[in-house]
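Enquirer: Sharing a structure below in structure tokens format, with a few things to ask.
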Amino acid sequence: MRKFQLHHPWTHAGDDVPELRQTICRFELQIGDVSLTQNEDIFSQTISNSVVVSAYPLAYWFAASWWRLVSEPLPPRSARPPTSWRMAHEMGAANSGYVWPQVLFATDGESMQVWAVPSRGSRDQSVRYLNGLAAPATFTMQDFEVEIESFINAVIARLDATGVAETETSLRSLWAEVMAERADPETTLARRCEAELGYDPDECPEEVLLAAIRLKDRIGEAALSELAPVYGKSGGTDSIAELGKLIECKGISGRPDLPRISSRTNKGAAPWERAVADARQLRKELHASGDHIDTNVLCEVLGVRREEIDHYASDSRSRAGIVVPHGNRHVSLVPRKRHPRSRRFELARFIGDLLYVHSNTDTWLASTDLSTNRQKYQRAFAAEFLCPIEKLQGFLDDDFSDDNLEDAADHFEISPATVTSLLANNNLLYREFGASGLPYVLS
């Protein structure tokens, strides 16, 4: 993981309102050894790693967006983020007349992820930012929170030192409120729940928030954190009633029977690294040394009947698949995929999720299109379990033609997209990231 740093030595410039004028600084945002604020001053035609801005609007934006930044993941890739999501996650929303770098923050539940692109070629603005990130950078949530806290507190201390009076809507008041909320477990839960549902503090309808908290008591906080962003406001609905219907669906009865495995990766490893190691270890424990994993094996591990899997009619409107615990290791599977290959992959994801929660069959499982740490683990596990990269390479024999990739998908009974993704993730096939690997186009 890369180090995240905000540098802001104070300077003097301008004649703006006091809170802006007294917090003018030479601001630098650094991720590892990359300065995301390296810029060309269009007027002076000079290049610098820092930019002269007021720290006040950025500190205010971090404080106002705090709960959504630390709680709310990227929306599913199939849904373009709404304006309210972008205002809480894109640095440009700090605005106040300053030109900010195009930087996007989003948590995956365990780490903070950062995307960035350089400024476009337009000369209409006074500053042109030169650096971006080819792929998202990650760092711990603790590193993010500590650095942002330090930055906000430094801005408040500067206001105090220069005698800027407090107003009703000041950064000082806002940050004191956030700190008080963080100190109270009940309020913290409510704020996180609001953020996961896609709302700013106090903007979530009370009945929606209460319904979500009731669901949390039933399915657990971890499962709700995986499902709320899919069924909340950012997922395209203003209610979690649809989620309530999902958890009442009649599923497929099962009794998972996973062999005990011991992961060989350290806790700091990326989710895909842990997933690949676990998939290989589970294959070994199941004595599955061949290329192909039969669907019957997936059913046996999950303790479900193959005919029920084949004939189960999923709700095409469902945005998630879930596994509902019933005690004594009995569960109900509610898959959402209909195509046989997609359902195979979903069953493998359920197996991966069981490993993710340490084979705890009393825990609700959730499979979604989000990019949280848990969902990334599931997808990586399912891909490696159904189609080990070494087996895939052996089958392809360095022939990456479209026809051969299709044959590989047929051989392993997975989608062509999964084959392509596996090869790209292992640097065996070029991946087209689009605009510098961004999850969507920043504008």
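The values are calculated or read from the model by the stated rules, or taken from the named source; none is laboratory data. The shown structure was predicted, so the numbers you read here are calculated from the model rather than taken from an experiment. Cβ atoms come from the backbone with ideal geometry, glycine included; neighbour counts cover every protein chain shown.
Each row is one residue, and each column tells you yes or no for (1) within 26 Å of the chain's Cα centre (by Cα); (2) in contact (Cβ under 8 Å) with a residue 40 or more places away in the chain; (3) exposed (fewer than 13 other Cβ atoms within 10 Å of the Cβ).
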residue: R255; (1), (2), (3): no, yes, no
residue: P271; (1), (2), (3): yes, yes, no
residue: V276; (1), (2), (3): yes, yes, no
residue: E300; (1), (2), (3): no, yes, no
residue: G303; (1), (2), (3): no, yes, no
residue: R306; (1), (2), (3): no, no, no
residue: I309; (1), (2), (3): no, yes, no
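Enquirer: Restricting the range 88-111 to residues that are part of a helix (DSSP H, G or I) and in contact with a strand residue (DSSP E or B) (Cβ under 8 Å, 6 or more places away or on another chain), which is surrounded by the fewest Cβ atoms within 10 Å (Cβ to Cβ)?
Expert: Let us first name the residues in the range 88-111 that are part of a helix (DSSP H, G or I), namely 88-89, 91-94.
Right, trim to in contact with a strand residue (DSSP E or B) (Cβ under 8 Å, 6 or more places away or on another chain) and you get 89, 91-92.
On the way: H89: 21, M91: 21, G92: 17.
Ranking the candidates gives G92 first.
Enquirer: Looking at the range 108-150 only, could you name the residues that are touching a residue at least 24 places away in the same chain (Cβ under 8 Å), of a type in the set (A, V, I, L, M) and within 16 Å of F4 (Cα to Cα)?
Expert: Hits for the range 108-150 are M112, V114, A116, L133, A135, A137, M141, I148.
Enquirer: Mind counting the residues in the range 39-65 that are surrounded by 20 or more Cβ atoms within 10 Å (Cβ to Cβ) and part of a loop (DSSP other than H, G, I, E, B)?
Expert: Number of matching residues: 1.
Enquirer: Can I ask one more? For the range 410-443, which positions are surrounded by 13 or more Cβ atoms within 10 Å (Cβ to Cβ), of a type in the set (S, T, Y) and either in the same structural domain as W115 (by TED's automatic domain parsing) or modelled with pLDDT under 85 (or both)?
Expert: S436, Y440
Enquirer: I'd like the full set of residues that are of a type outside the set (D, E, K, R) and either closer than 17 Å to P259 by Cα or crowded, with 19+ Cβ neighbours inside 10 Å (or both), limited to the range 329-347.
Expert: Start the filter on the range 329-347 by keeping residues that are of a type outside the set (D, E, K, R), which leaves 330-335, 339-340, 342, 345, 347.
Matches in the range 329-347: H330, V331, L333, V334, P335, F345, L347.
Enquirer: Quick one: I389 ticks every box in (1) free of Cβ contacts under 8 Å to residues at least 12 places away in the same chain; (2) closer than 23 Å to D291 by Cβ bar one, so which box is it?
Expert: Here I389 meets the rest and fails (1).
Enquirer: Related question: Condition first: modelled with pLDDT under 95, under 15 Å from F62 (Cα atoms) and surrounded by 13 or more Cβ atoms within 10 Å (Cβ to Cβ). Now tell me which residues in the range 140-170 satisfy that.
Expert: Selection gives S170 alone.
Enquirer: Go through the range 288-393 and tell me which helices (runs of 4 or more DSSP H), entirely inside it, have 3 or more residues that are among the basic types (K, R).
Expert: Details: elements: 295-302, 306-311, 340-356, 373-386.
The qualifying helices (runs of 4 or more DSSP H) are 340-356, 373-386.
Enquirer: Does V103 satisfy the criteria of being β-branched (V, I, T) and closer than 18 Å to W85 by Cα? Please lay out each step first, then the result.
Expert: Details: β-branched (V, I, T): yes; closer than 18 Å to W85 by Cα: yes.
Taking the combined requirement at face value, the residue satisfies it.
Enquirer: I'm checking my understanding of the structure. Among residues of the range 1-24 that are under 14 Å from I156 (Cβ atoms) and of a type outside the set (D, E), which one is surrounded by the most Cβ atoms within 10 Å (Cβ to Cβ)? Working first, answer last.
Expert: Step one: of the range 1-24, the residues under 14 Å from I156 (Cβ atoms) are 8, 10, 18-19, 22-23.
Next cut, of a type outside the set (D, E) only: 8, 10, 18, 22-23.
Working: H8: 23, W10: 15, P18: 14, Q22: 20, T23: 25.
The qualifying residue surrounded by the most Cβ atoms within 10 Å (Cβ to Cβ) is T23.
Enquirer: Sticking with this structure for a sec: I'm checking my understanding of the structure. Among residues of the range 407-421 that are within 24 Å of the chain's Cα centre (by Cα) and touching a residue at least 40 places away in the same chain (Cβ under 8 Å), which one is farthest from S342 (Cα to Cα)?
Expert: T418
Enquirer: Going through S225, S239 one at a time, which residue ends up being under 30 Å from D315 (Cβ atoms) and without any contact (Cβ under 8 Å) to a residue 40 or more places away in the chain?
Expert: Values: S225 fails: without any contact (Cβ under 8 Å) to a residue 40 or more places away in the chain.
Just a single option satisfies the conditions, and that option is S239.
Enquirer: Examine the range 360-380 for a residue that is modelled with pLDDT under 95, on the phi > 0 side of the Ramachandran plot and surrounded by fewer than 16 Cβ atoms within 10 Å (Cβ to Cβ), and state whether such a residue exists.
Expert: No, the range 360-380 contains no residue that is modelled with pLDDT under 95, on the phi > 0 side of the Ramachandran plot and surrounded by fewer than 16 Cβ atoms within 10 Å (Cβ to Cβ).
Enquirer: Working only within the range 151-164, note down all residues that are of a type outside the set (A, V, I, L, M, F, W, C), in contact (Cβ under 8 Å) with a residue 24 or more places away in the chain and in a helix (DSSP H, G or I).
Expert: Start the filter on the range 151-164 by keeping residues that are of a type outside the set (A, V, I, L, M, F, W, C), which leaves 153, 158, 160, 162-163.
Among the residues that remain, those that are also in contact (Cβ under 8 Å) with a residue 24 or more places away in the chain are: 158, 162.
Listed by number, the list holds a single entry, R158.
Enquirer: Next question, about the same structure. I'd like the residue in the range 370-409 that is in contact with a Pro (Cβ under 7 Å, 6 or more places away or on another chain) and outside the structural domain of D278 (by TED's automatic domain parsing) and, out of all such residues, is nearest to A222 (Cα to Cα).
Expert: Filtering the range 370-409 down to residues in contact with a Pro (Cβ under 7 Å, 6 or more places away or on another chain) leaves 370-373, 376-377, 380, 405-406, 409.
Cutting the leftovers down to outside the structural domain of D278 (by TED's automatic domain parsing) gives us 405-406, 409.
Values: L405: 37, E406: 37, A409: 33 Å.
Residue satisfying both the conditions and the ranking: A409.
Every residue, every condition in (1) at pLDDT below 95; (2) in a loop (DSSP other than H, G, I, E, B); (3) within 28 Å of H326 (Cβ to Cβ), yes or no:
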residue: G198; (1), (2), (3): yes, yes, no
residue: C204; (1), (2), (3): yes, yes, no
residue: E207; (1), (2), (3): yes, no, no
residue: A223; (1), (2), (3): no, no, yes
residue: E226; (1), (2), (3): no, no, yes
residue: P229; (1), (2), (3): yes, no, yes
residue: S234; (1), (2), (3): yes, no, no
residue: D238; (1), (2), (3): yes, yes, no
residue: E242; (1), (2), (3): yes, no, yes
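Enquirer: Answer with yes or no whether F350 is outside the structural domain of A288 (by TED's automatic domain parsing), among the aromatic types (F, W, Y) and buried (at least 20 other Cβ atoms within 10 Å of the Cβ). Reasoning before the result, please.
Expert: Working: outside the structural domain of A288 (by TED's automatic domain parsing): no; among the aromatic types (F, W, Y): yes; buried (at least 20 other Cβ atoms within 10 Å of the Cβ): yes.
So F350 fails the test.
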